[in-house]
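The values are calculated or read from the model by the stated rules, or taken from the named source; none is laboratory data. Computed from a predicted model, the values in this text were never measured in an experiment. Here the Cβ is made from the backbone with ideal geometry for all residues, glycine too, and neighbour counts use every protein chain on show. SASA here: full protein model, heavy atoms, side chains in, ligands and nucleic acids out. Shrake-Rupley method; radii C 1.70, N 1.55, O 1.52, S 1.80 Å.
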Amino acid sequence: MPVEAPKMDVTTLKALAEPNRLAIIELLRESPLTVGEITHQIKLSQPHTSKHLKVLSDCGIVKVHAKANRRYYKLRPEPFQSLESWIKSFQGIMEERFDNLDRLLKELKNEGEF
């Protein structure tokens, strides 16, 4: 019975595909940041930064923690663990294809066709 491949949430991929959101993800890799800190570093307006953070929050990539009058955004590990699992599900298939290609190239070389 074949093993079922892990599912990937397409909203996560769509969120990560947008360059400004990916830049935000890269910033948050180091530590939680406020909207103001993110805005300053990626050089977007505060409303645009907040819009991107809302998308990332809605799809579960970041979580928000309020401290006094500041909101800190932090990466959640689960979406990245799912992404890693999904990508790894292709590893066996790709290794098999490369092995087949390697065998074919060796056969062609031995036959003098390559």
Legend entry - Per-region count, the stretch 71-85, residues assigned to a strand (DSSP E or B) and either over 13 Å from residue 21 (Cβ atoms) or hydrophobic (A, V, I, L, M, F, W, C) (or both): 4
Legend entry - Checklist (1) touching a residue at least 40 places away in the same chain (Cβ under 8 Å); (2) out of contact with any Pro (no Cβ under 8 Å at 6 or more places or on another chain) applied to residue 34, failing item: (1)
Inset, instruction - Would you be able to say whether some residue in the stretch 75-82 is in contact with a Leu (Cβ under 8 Å, 6 or more places away or on another chain), surrounded by fewer than 16 Cβ atoms within 10 Å (Cβ to Cβ), closer than 30 Å to residue 93 by Cα and not charged (D, E, K, R)? - result: no
Legend entry - Which numbered condition residue 93 fails, given (1) of a type in the set (A, V, I, L, M, F, W, C); (2) modelled with pLDDT under 90; (3) within 12 Å of the chain's Cα centre (by Cα); (4) assigned to a helix (DSSP H, G or I): (3)
Inset, instruction - Determine if the stretch 61-70 includes at least one residue that is part of a helix (DSSP H, G or I) and either modelled with pLDDT of 90 or more or open to solvent by 50 Å² or more (accessible area, probe 1.4 Å) (or both). - result: no
Inset, instruction - Return yes when residue 52 is open to solvent by less than 30 Å² (accessible area, probe 1.4 Å) and outside any loop (DSSP other than H, G, I, E, B) and no when it is not. - result: yes
